[in-house]
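Engineer: Would you mind keeping the following structure in view while I ask a few things?
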Amino acid sequence: MQLVRPIVASHPRLFGRGPVRDAAAHAVSGFSLSDDIKLFATTFLAGFLFVSILIG
């Protein structure tokens, strides 16, 4: 076992764990239908363009 590790290395017990997050601090944004419509339209157009080029 290595007893000396670099100063920038994290503690081995913290390996694989994400940062601690405060659930109360995270503000939940309101439901935005326009964002969903933009995402759908962009995905649909990209797929249509891809298939058009693939067939043509």
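Values quoted throughout were computed directly from the atomic coordinates according to the rules given, and no laboratory measurement underlies them. Quick caveat, the model's predicted, so the values are computed rather than measured. Note that each Cβ is placed from the backbone with ideal geometry, even for glycine, and that neighbours are counted across all protein chains shown.
Engineer: For segment 12-18, what does the Karplus curve 6.51 cos²θ - 1.76 cosθ + 1.60, with θ = phi - 60°, yield as ³J(HN,Hα) per residue in whole Hz, taken in order and with x for Gly and Pro?
Structural biologist: Couplings: x, 6, 8, 5, x, 9, x Hz.
Engineer: Could you give the nm distance between label points at residue 54 and residue 5, where each point is 7 Å from its Cα heading toward the beta carbon?
Structural biologist: 4.7 nm
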